[in-house]
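Everything below concerns the one structure shown next.
The values are calculated or read from the model by the stated rules, or taken from the named source; none is laboratory data. These numbers come from a predicted model, not from an experiment. Every residue, glycine among them, receives a Cβ derived from its backbone with ideal geometry; neighbour counts consider all protein chains shown.
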Amino acid sequence: MELSSINILDVLPGILLVTASLIAMLSIAIRRNHKLIFGVTTGSLLGVFIYLIIYATNHSFTVEPLFVIDGFGTFITGLIVLSSLAVSLLSYAYFEQREERKEEYYILLLLATLGSAMLVISKHFVSLFLGLEILSIALYSMVAYLRKREKSDEAGIKYLIIAAFSSAFLLFGMALVYAQTGSMDFKDIGIYMDSVSNNGLPLLLIAGFAMMIVGIGFKLGVAPFHMWTPDVYEGAPAPVTAFIATVSKGGMVVLLVRFFGQINGQHYPVIVLSFTVIAIASMFIGNFLAIRQNNVKRILAYSSIAHLGYLLVAFLAGGALGVEAVSFYLVAYFLTNIGAFGVIAILSDQERDAENIEDYQGLFWRHPKIATVFTAMLLSLAGIPLTGGFVGKFYLIASGVSAQLWLLIIVLAVNSVIGLYYYIKIIAVMFDKPKAFEALALRPRLYLINLITLVVLSILMIWYGVYPQALIERIQDFLK
């Protein structure tokens, strides 16, 4: 397709994000102003989200040969942009009380959002890798942004090394797939696989997919490629951790769903077996290692590994119900994790993050509203009824039942029970007898913008747990 035939309105969200990052960069060069850069960032993200609602709903378009802008991609792009907006709102107060230069962070946030949005509409290896590298390069700096912290530098270096290795695996795998199929387009690769499936997949193609799975596994942080996750979660600033746990991983999950659907991955036992093993390992390793932790960030890190294992159940189920389950679960997962890390951000001070479990001792008696929000988020992660997390897990199980994935369903149910332990452990600490106020190490400054963001996230999480039908119907409309 020629550039002149592309409707500018279809690619406007990406243009707006790039423009906003350039405006922020030029503004910083002229004069540093945290409030101005924050306003540019939140305004652009809000504008993109409103545009997606008004124009892009039920609108499909293809930018050959790289992107497909369909209902599924539009819905997840909206979710990514809205989540980045929430992270931005939580970031202002977090960075305002710190001495480091704050403004460049928002440029990185916009670029990371752009990279993740590119992933969800990719239908070609080139756009996949381009979006992934835009996302990853921005995240390197975001993770290590607070340079005065020893753990921050360590986390940034670890993420840089692991991301470089995973990109190498992914790129080499894509090269092998291209060498065998002669195409980098997802649909064309699927057509080739259908043509040779009767004689079994060629060894070169299997090797390529194996290397791609390793690369994608590192990006998602699923077992056994999860080693970087707890250290990066612990060392990164709390809002950045929220972004990694949601937007970064969510974009990769949607890309995987799109690619898996285009190649009809459910029809190839070797691919299904690989992801089944990864799902089971992620659920057990994530939950059992979370039980051993006393650092809240590390608990949520290992919890995210388990949740990606849960999500793979719907991914393997495939079909319309599987895609619906993935979409709903991502909404619930994004709301809950941003809310949980938002609580960590709001309770952090300029010296360190509120990551030790002792920091939450007696929180209900010191800050009852914040403790209530955190309790609701943890219960949603545990999958307790009347929360979005419960409906999301129910959706995952329903998709698994439709595909008769009985082993994965049993493992999911068992691990949901195991996961209750470490969530309830944090809740119990918050309701424990409070320490003397003067003995508390942290001295956070509470900002109204953070409190409002957390309240909105909590309301949405409970609303979708009690009345999920509106969201379900909305997802189904987008997926038509």
Only one of A376, A354, A413 that is in contact with a helix residue (DSSP H, G or I) (Cβ under 6 Å, 6 or more places away or on another chain), over 17 Å from F328 (Cβ atoms), modelled with pLDDT of 90 or more and small (G, A, S): A376
Some residue of the range 242-251 being of a type in the set (D, E, K, R), assigned to a helix (DSSP H, G or I) and more than 14 Å from the chain's Cα centre (by Cα): no
Scan of the range 54-98 for residues that are within 30 Å of A345 (Cβ to Cβ) and in a loop (DSSP other than H, G, I, E, B), ordered by number: Q97, R98
Residue in the range 153-160 that is of a type outside the set (A, V, I, L, M) and out of contact with any Phe, Trp or Tyr (no Cβ under 8 Å at 6 or more places or on another chain) present: yes
Where Q476 falls short, out of the listed (1) modelled with pLDDT of 90 or more; (2) under 23 Å from L316 (Cβ atoms): (1)
Y145, sole failed condition from (1) among the hydroxyl-bearing types (S, T, Y); (2) under 30 Å from I263 (Cβ atoms); (3) modelled with pLDDT under 90: (2)
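Listed here are the residues, each with its yes/no results for (1) closer than 20 Å to L132 by Cα; (2) buried (at least 17 other Cβ atoms within 10 Å of the Cβ).
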{"residue": "A179", "(1), (2)": "no, no"}
{"residue": "M184", "(1), (2)": "yes, yes"}
{"residue": "K187", "(1), (2)": "yes, no"}
{"residue": "D194", "(1), (2)": "no, no"}
{"residue": "L205", "(1), (2)": "no, yes"}
{"residue": "G208", "(1), (2)": "yes, yes"}
Contacts under 7 angstrom Cβ, first residue in the range 7-28 being of a type in the set (S, T, Y), partner part of a helix (DSSP H, G or I), 6 or more apart: S21/I107; S21/L110; S21/L111; S27/L36; S27/I37; S27/V40
Flag for L347 being farther than 22 Å from V401 by Cα and not hydroxyl-bearing (S, T, Y): yes
Tabulated pairs, the range 352-380, first under 22 Å from V232 (Cβ atoms), second part of a loop (DSSP other than H, G, I, E, B) and at pLDDT 85 or above, C-beta under 6 angstrom, 6+ apart or interchain: I357/N294
Complete set of residues in the range 430-449 that are surrounded by 19 or more Cβ atoms within 10 Å (Cβ to Cβ) and at pLDDT 85 or above: M430
Tally of residues being surrounded by 22 or more Cβ atoms within 10 Å (Cβ to Cβ) and farther than 25 Å from N415 by Cα across the range 361-390: 2
Residue count, the range 25-64 (criterion: surrounded by fewer than 16 Cβ atoms within 10 Å (Cβ to Cβ) and within 17 Å of I121 (Cα to Cα)): 8
Number of positions in the range 373-391 that are farther than 19 Å from A242 by Cβ and part of a helix (DSSP H, G or I): 2
Given (1) farther than 23 Å from L312 by Cα; (2) surrounded by fewer than 19 Cβ atoms within 10 Å (Cβ to Cβ); (3) of a type in the set (A, V, I, L, M, F, W, C), number of the condition A236 does not satisfy: (2)
Extreme residue, farthest from L90 (Cα to Cα), among residues of the range 300-343 that are surrounded by 24 or more Cβ atoms within 10 Å (Cβ to Cβ) and among the β-branched types (V, I, T): V313
Yes/no for L26 being at pLDDT 90 or above and more than 24 Å from the chain's Cα centre (by Cα): yes
Checklist (1) farther than 21 Å from F243 by Cβ; (2) of a type in the set (V, I, T); (3) touching a residue at least 24 places away in the same chain (Cβ under 8 Å) applied to I76, failing item: (1)
In the range 140-188, residue farthest from Y106 (Cα to Cα) [restricted to those that are out of contact with any helix residue (DSSP H, G or I) (no Cβ under 7 Å at 6 or more places or on another chain) and among the β-branched types (V, I, T)]: I161
